[in-house]
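FYI, it's all coordinate maths here, none of it is from the lab. For clarity, every value in this text was computed on a predicted model and none was experimentally measured. In this analysis, Cβ positions are derived from the backbone assuming ideal geometry, glycine residues included, and neighbour counts consider all displayed protein chains.
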Amino acid sequence: MYRNPSLDHIIAEASKSALNERLPDTVEQWIRESPSLILQILPYFSELPDKSPQIAIVLKLIVHLLDEIRYGMDRNSQQARELFDQIQRRLSVLYQTNHYHKFSKLSAVLYDSRLPFQVDLSEDFLNKHQEDVPDIFPVLPEMLEAICRSQRIHSSFELYDCLMSQLQIMPSTLQLALVYELLTTTKPLPYEIVVMMLLHPRAEIRQQIARLLLDVNNKKLFTPQDTRRLLVIRDWLPPQERSLIAQLIRSIRLQGIAPAPFPTNCVVNLAASPFDGAGAQLILFQAKQSNRRFIGSFIAKQGVGIREPWVSTKAVKQDYDKVCQEKGMVLKPVTLAYVNKLVQHFLAEGHKIDNIPSPALLHIAELMGAQAW
């Protein structure tokens, strides 16, 4: 097995913390100083047995290393960009030579990093592993319902993240084929997922999805909620991509489907950190809707836009204070009016570099009742 003494040492130190706890300070410092560790840890991960107890801690280290690389890319660091390119080349090799199911865990980590990875599995690889990557198209609607039941998924936002964490490593043609299959159903959930895929991180796939949606013969399959989300998504996309969405909205409205009203604000706690030296500010919130509690956050960063939006849909009352403590920074209450202006400004910042927000921000907007983001 691939071994490196310094790598063994850092893994041993990281193992001293529980999976849901921060890494030891010494490990965090090592990651900040040597993000290139990821070039050693990826082959190490690939050689671990499928049921190795080390997989979880190695994936935790990869999460932190990718965070550090993303921070570097946000600062336009050439070194971080070159390291990212090296990681992509390394991943392309590792994915083709390892078991698909094992690397599905790594795929989820890559997706959560929100880095622009394009690690497509080749057609040859998929042909060799047809048993590992089954033909799900004939049972796709039933499969989505089964995923929701087994993983206790309550919203299309959660289901989107679950699907995209694995779809991203598929060839573009296969991703679009799955979208096409979703649009052959008459159930509302698949359409919700496809509408969210208009925020796909890859522009060529976003544009193809918009064309597929335009080609849907029965526009009455779109719901008022879909129409409202399309209006928001249109404004979040780069100007050159908005015309297709505008055409789609017009064709839906011609069928008498008006956009649903925006949800009412259900936020009960809303706080922000001071801007740091890198021009970044954290927004943290807690919302309550019926008998469910949500906690989430995002980062607004100068020159970058909106980063790292996330929402926990299974929060309990104590979680908000716990998250505040874990962030380790001063958070002060802010108004929704302040957050609205902040988001509008930083979405415009993101447009300058084609930074597309993920559907998690759409979820946050709906929880906050935001109508002008």
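Which is the longest part of the chain that has none of the GluC sites (Glu not before Pro) sitting in a DSSP loop with at most 15 other Cβ atoms within 10 Å?
Answer from the scan: 132-373.
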Over 22 Å between alpha carbons, listed pairs K301/K341; K51/K327; K60/K332: K51/K327; K60/K332
Unit charges at the beta carbon, dipole of the chain: most positive-side option, F45, G277, L94: G277
Residue order, fewest to most beta carbons within 10 Å, for H154, H351, H363: H154, H351, H363
log₁₀ of I(q)/I(0) at q = 0.16, 0.20, 0.24 Å⁻¹ - the range 5-120, Debye sum with one point per alpha carbon: -0.73, -1.17, -1.63
Rel. contact order, % - alpha carbon contacts under 8 angstrom, at least six apart, the range 5-120: 26 percent
Qualifying chymotrypsin sites (Phe, Trp or Tyr not before Pro) for the range 53-111 [loop in DSSP, other Cβ within 10 Å: at most 13]: none
Computed lengthening from K187 to Q247, 0.36 nm per intervening residue step minus Cα-Cα distance: 19.3 nm
Rg and Dmax of the range 137-253, Cα atoms only, in Å: 13.6, 40
Rounded to whole Å, sorted largest first: equivalent-ellipsoid semi-axes of the range 243-315, Cα gyration tensor: 31, 21, 9
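Order of S15, S358, S6 from fewest to most other C-beta atoms within 10 Å?
Working: S15 18, S358 23, S6 11.
If I rank by nearby Cβ atoms, fewest first, I get S6, S15, S358.
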³J(HN,Hα) computed for each position of the range 68-83 - Karplus, 6.51 cos²θ - 1.76 cosθ + 1.60, integer Hz, glycine/proline x: 5, 5, 5, 4, x, 5, 4, 8, 6, 6, 5, 5, 5, 4, 5, 5
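Exposure proxy check: S156, S52 ranked by fewest other beta carbons within 10 Å? If you can, show how the numbers build up before the last one.
Values: S156 22, S52 14.
The fewest-first ordering by Cβ neighbours comes to S52, S156.
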Residue range of the chain that is longest and free of trypsin sites (Lys or Arg not before Pro) which are both DSSP loop and sparsely packed (at most 16 other C-beta within 10 Å): 203-313
Mean Cα-pair separation over length for the chain, i.e. relative contact order, pairs under 8 Å, 6 or more apart, %: 11 percent
Directionally averaged shadow of the chain, computed from the convex hull of its alpha-carbon atoms, nm²: 18.9 nm²
The chain - charge dipole about Cα centre, Lys and Arg +1 at Cβ, Asp and Glu -1, debye rounded to 20: 1160 debye
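Hey, what does the equivalent ellipsoid look like for the range 267-367, semi-axes from the Cα gyration tensor as sqrt of 5 times each eigenvalue, largest first, whole Å? Write down the numbers at each step before the final one.
Details: eigenvalues 100, 49, 26 Å².
Sorted largest first and rounded, they come to 22, 16, 11 Å.
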